[in-house]
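Colleague: This is the structure I have questions about; it appears just below.
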Amino acid sequence: MEVKCRIALLGECMIEMRGQMFGTMHQHFGGDTLNTAVYLGRIGAEGGIKVSYATQLGTDAYSQAMIAAWQDEGIDTHMVLREEGRMPGLYTIQVDESGERTFYYWRDASAARGYFEGASSPLEDELDKLDAIYFSGISLAVLPPAGRERLFSLIERFRARGGKVIFDNNFRARLWRDDDPPFWYDRAFANCDMTLITLDDNAALYGLDEGSALAHAYSLACEEVVIKRGAEPTLVRIRGMEPLSVPVFKVPKVVDTTGAGDSFAGGYLAARLQGNSPELAARSGNKIASIVVQHPGAIIPREAMPVFFFV
Ligand code: ADP
């Protein structure tokens, strides 16, 4: 397969344990950018999109098993750093009798936070081989301020030579401690070519109501703004074009919305990075997300993937 587009996604993937406290727990792994990498790879590989995941893990057996699973998905892992003595982050999902989920995180010392602690990193070293970079608000949140500066500096170099930068606004308030999230988000929005926005997240981040959050999203300087609104139509604004409203697919029953936005991003990007129209891309994102919400967990079995035809 001829490679037409090389993209690296930067972020953190954690060990997931789902089930009853001190009872039976099923182990898996997950993280917003990794979920997007999986869906982008599944949908875009045939069209020549080569997906790399950039993060840091430990040298432990869990880290090794994660890398093996990603490779099994066709994700290129040579941008994954390994640091002895550090471990991946971990979270538990407890499901009570009514199906309500509670998340607990152990990620303060996770290996991924240290991606930019060395003199250089694979992402910085191999910038010239890439066409696009994807990161999210969670990628930003887990990096220390010095790591974020390294990220913005590589983004500046990358864009100066025509590389495309895509930012997903995923906002988790509790990851941000004393920092000033709007300051960092403003910088991310100002330094990307495409942004995927979950409207609720931007409303929470900037303390806006839904209408103001929508106006804020539309005012962003980047070329392509995609606004996800749950079951409401997806909105797309590309500079110089009429804004689009693309309906989502109706589903008989929503089982679990974990990973819906991440899978949307995979479907949208798979289409856009192959040069398809924003409308087809939004339909492709809505299609995969409509399947994902009907399954438990963020990553659905490969057999459950819908078939995509891009022209
Ligand atoms: P996030 O997961 O980032 O919070 P949303 O909740 O906006 O994002 O959902 C992402 C996408 O998942 C939506 O754009 C839509 O395509 C799909 N989706 C979410 N909820 C539903 C639903 N009830 N029915 C059909 N599709 C949905």
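The values are calculated or read from the model by the stated rules, or taken from the named source; none is laboratory data. What you are looking at is a predicted structure, and each value in this text was computed from that prediction instead of being measured. Positions of Cβ are backbone-derived with ideal geometry, glycine not excepted, and every protein chain shown enters the neighbour counts. These area figures cover heavy atoms from the full protein model, side chains too; ligands, DNA and RNA do not enter into them. Shrake-Rupley method; radii C 1.70, N 1.55, O 1.52, S 1.80 Å.
Colleague: Within segment 272-303, track down each residue that is part of a helix (DSSP H, G or I), open to solvent by 30 Å² or more (accessible area, probe 1.4 Å) and away from the ligand (no atom under 12 Å from the Cβ).
Modeller: Hits for segment 272-303 are ARG272, GLU279, LEU280, ARG302, GLU303.
Colleague: Here are the criteria: (1) within 11 Å of the ligand (Cβ to nearest atom); (2) out of contact with any Gly (no Cβ under 7 Å at 6 or more places or on another chain); (3) of a type in the set (S, T, N, Q). Tell me which single one THR258 does not satisfy.
Modeller: (2)
Colleague: Which of the residues spanning segment 62-84 are among the hydrophobic types (A, V, I, L, M, F, W, C) and in contact (Cβ under 8 Å) with a residue 24 or more places away in the chain?
Modeller: Within segment 62-84, MET66, ALA69, TRP70, ILE75, MET79, VAL80, LEU81 qualify.
Colleague: Looking for something in a loop (DSSP other than H, G, I, E, B) and either out of contact with any Gly (no Cβ under 6 Å at 6 or more places or on another chain) or of a type outside the set (S, T, N, Q) (or both) - is there at least one such residue anywhere in segment 32-46?
Modeller: No, segment 32-46 contains no residue that is in a loop (DSSP other than H, G, I, E, B) and either out of contact with any Gly (no Cβ under 6 Å at 6 or more places or on another chain) or of a type outside the set (S, T, N, Q) (or both).
Colleague: Scan segment 201-220 residue by residue and report those that are charged (D, E, K, R), assigned to a helix (DSSP H, G or I) and either away from the ligand (no atom under 13 Å from the Cβ) or surrounded by fewer than 16 Cβ atoms within 10 Å (Cβ to Cβ) (or both).
Modeller: Answer for segment 201-220, where residues must be charged (D, E, K, R), assigned to a helix (DSSP H, G or I) and either away from the ligand (no atom under 13 Å from the Cβ) or surrounded by fewer than 16 Cβ atoms within 10 Å (Cβ to Cβ) (or both): just GLU210.
Colleague: What number of residues in segment 47-57 are aliphatic (A, V, I, L, M), more than 20 Å from ALA289 (Cα to Cα) and either in contact with a Lys or Arg (Cβ under 8 Å, 6 or more places away or on another chain) or in a helix (DSSP H, G or I) (or both)?
Modeller: The number of residues fulfilling the criteria is 1.
Colleague: Let me ask something else about it. Suppose we keep only residues that are under 20 Å from ALA221 (Cβ atoms) and either of a type in the set (Phe, Trp, Tyr) or surrounded by 15 or more Cβ atoms within 10 Å (Cβ to Cβ) (or both) within segment 171-181. Which one would you say is nearest to the ligand (Cβ to nearest atom)?
Modeller: Looking at residues that are under 20 Å from ALA221 (Cβ atoms) and either of a type in the set (Phe, Trp, Tyr) or surrounded by 15 or more Cβ atoms within 10 Å (Cβ to Cβ) (or both), I get PHE171.
Colleague: Answer with yes or no whether MET87 is assigned to a loop (DSSP other than H, G, I, E, B), in contact (Cβ under 8 Å) with a residue 40 or more places away in the chain and of a type in the set (A, V, I, L, M).
Modeller: no
Colleague: Being open to solvent by less than 80 Å² (accessible area, probe 1.4 Å) and closer than 30 Å to GLY48 by Cβ narrows it down to one residue among GLU242, GLU224; which is it?
Modeller: None of the others qualify; the one that does is GLU224.
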